[in-house]
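Student: Got a structure for you, written out below as structure tokens; questions coming shortly.
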Amino acid sequence: MNALLVLIFAALSIFAIEGRNVKLREMAEKSWINVCKYGGAVSTELTGGTAEVPWSYDQQAKVFVRVGGCTGGYTNTICFFDLGTETVSFPWPKDLGTTVDTSRPGSGCNRGVCYDPYSKLTYTSCGGAASDYGVYGFWKGDMVAKKWTRYAAGSKQMQGQCAADTANRIIVSTWRNSAGLKECGVYEIDNNTFVKAPAMPNTSNTVSSNFAIDWWQTLEYAPALNGTMYFGYMYKDSINGYYKSQWITWLFDGKTRKWTDLKPTGLEGVPLNYVSQGFRPVLSWDPVANVMILLINGVGLFTYSSAQNRWNPVDAGPLPGGSQMFEYDPEHNVHVLVKYNYSFDQDVWAFRYQNKASTFEEKAALSPKHTLLVSMTPSPVTTSAVISYQVAEKGNVELTVYDIKGRAVLKPVARQNAEAGIYSKRVQFNDISAGVYAAILTNGTKKTTLRVIVAK
């Protein structure tokens, strides 16, 4: 066991201190903090020109990754934002002129980007052909090694927004075609294959049949809901520059490959005529509270209740305003927003929904294909933390935490005859000294490891 742990600790990329940004350590629940501000060209490149491009948090590199853009020379930018150090960096050249760089993704409005914790890779999708700034298509990227790989076969199947379904080991992508109709594609990670999935119907029972689905959408995987949630709005025409629309919420089942129109309540009367560049709805999953958060900039903040099938408002004070860049950072337990505005001065805001997970919750879920320790929140841990994990096959499960010398520092957490599914478990660290540890999950002959940082 000691030799195994030496290899495990050597392989883990560990910061000396997690939660590096001290501004965020004492944040209250349901509160916002203005972290930092950028001006000039850096601010424009941070948002991709018009903030029409979302970003994703890469857990290996511990940076937010923004790919593509919609304004002039900024369309080629691949941007990293490190919340811990409040720095913006550009690992690839920002201005290629007319040179086509086939080693990295190209440009494109409404590009999707997501991180898969199992393969530890960032995926990005945007359909099309070669551009002056790079190459369109579906790519996977190792953000630590700073290397991209393009899947030519995915150029047509994967376009637009994307999300990683960790239980079914797939990347889901949705987009609007030239006819204004919705399309959906799936990349099966283990099989390395692309599948054209059924799209959600282009009408909802609550609206007339001549509505189409617009491209301003948001897509996010929800473990506790057993699917990938789509939120957007359907429009019919344009009135005085604004869209006459209706909010829609759908859920994609990664196992059956079917969409369900949830038709939740709670957004009746929420206006849609605010919609313009930089003001769009966006979803972000909170693993501490196990809840989907919806930010409708300029309007409100909501969480989805599956028991009520309702979007419930969250009282978190005045909203910063915004863009489509709103994503969870597990290192600091915050959702990070770039407030986009046309002066090209961008404020970076952090929002904390909940400090600690509530009591132990077991989430009924579709059977995952792999045993995996998914996450630990909060991180670093001081007194207790919730460790989320998924079990691939029925059987005995044991979760043990070891120190760097191979000694078990906590009583093993055992589950006899556990069904395949996704679980979360609160673990107490009150009597554990500050340091770096390894949590090892055993499921039959399968083992998976997650680093644990304890701070006192």
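The values are calculated or read from the model by the stated rules, or taken from the named source; none is laboratory data. Given the structure is predicted, the values throughout are model-derived calculations rather than measurements. Reconstructed Cβ throughout: ideal geometry from the backbone, glycine too, with neighbour counts over all protein chains shown.
One line per residue, one yes/no per condition, for (1) β-branched (Val, Ile, Thr); (2) at pLDDT below 55; (3) over 15 Å from LYS146 (Cβ atoms); (4) not in a loop (DSSP other than H, G, I, E, B):
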site	(1), (2), (3), (4)
ILE33	yes, no, yes, yes
SER56	no, no, yes, yes
CYS70	no, no, yes, no
PHE80	no, no, no, yes
VAL88	yes, no, yes, yes
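Student: Given the conditions (1) at pLDDT 60 or above; (2) in contact with a Leu (Cβ under 9 Å, 6 or more places away or on another chain), which single one is not true for LYS146?
Tutor: Of everything listed in (1) at pLDDT 60 or above; (2) in contact with a Leu (Cβ under 9 Å, 6 or more places away or on another chain), LYS146 misses just condition (2).
Student: So, in segment 126-143, of the ones that are out of contact with any helix residue (DSSP H, G or I) (no Cβ under 7 Å at 6 or more places or on another chain) and modelled with pLDDT of 65 or more, which residue ends up nearest to ILE189 (Cα to Cα)?
Tutor: LYS140
Student: Among the residues of segment 327-340, write down those that are at pLDDT below 90 and either surrounded by fewer than 17 Cβ atoms within 10 Å (Cβ to Cβ) or of a type in the set (A, V, I, L, M) (or both).
Tutor: Residues satisfying the conditions are LEU337, VAL338.
Student: Go through (1) out of contact with any Phe, Trp or Tyr (no Cβ under 8 Å at 6 or more places or on another chain); (2) small (Gly, Ala, Ser); (3) in contact (Cβ under 8 Å) with a residue 24 or more places away in the chain; (4) within 20 Å of THR377 (Cα to Cα) for SER424 and report which single condition fails.
Tutor: Only one criterion is unmet by SER424, namely (1).
Student: List, please: which pairs have Cβ atoms under 6 Å, are six or more places apart or on different chains, and start with a residue in segment 297-318 that is closer than 16 Å to TRP349 by Cβ and end with one that is at pLDDT 95 or above and of a type in the set (S, T, N, Q)?
Tutor: As it stands, the answer is VAL314/THR303, since those pairs meet every condition given.
Student: Just to be sure I understand the filter: pairs with C-beta atoms under 6 Å, separated by 6 or more residues or on different chains, first member in segment 242-254 and in the same structural domain as ALA197 (by TED's automatic domain parsing), second member at pLDDT 80 or above and among the polar types (S, T, N, Q). Which pairs pass?
Tutor: LEU251/THR260; PHE252/THR228; GLY254/ASN168
Student: Residues of segment 402-452 being among the basic types (Lys, Arg) and surrounded by 15 or more Cβ atoms within 10 Å (Cβ to Cβ), which ones? Talk me through it step by step, then tell me what you get.
Tutor: Step one: filter segment 402-452 for residues among the basic types (Lys, Arg), giving 405, 407, 411, 415, 425-426, 446-447, 451.
If the condition is that a residue be among the basic types (Lys, Arg) and surrounded by 15 or more Cβ atoms within 10 Å (Cβ to Cβ), then ARG415, LYS425, ARG426, LYS446, ARG451 are the ones that fit.
Student: With PHE252, PHE194, PHE231 as the choices, which residue is at pLDDT 55 or above and over 17 Å from the mean Cα position of the chain (by Cα)?
Tutor: PHE194
Student: So for segment 354-363 (the condition being crowded, with 21+ Cβ neighbours inside 10 Å, modelled with pLDDT under 80, under 25 Å from LYS447 (Cβ atoms) and among the small types (Gly, Ala, Ser)), does at least one residue qualify?
Tutor: For segment 354-363, residues crowded, with 21+ Cβ neighbours inside 10 Å, modelled with pLDDT under 80, under 25 Å from LYS447 (Cβ atoms) and among the small types (Gly, Ala, Ser): present.
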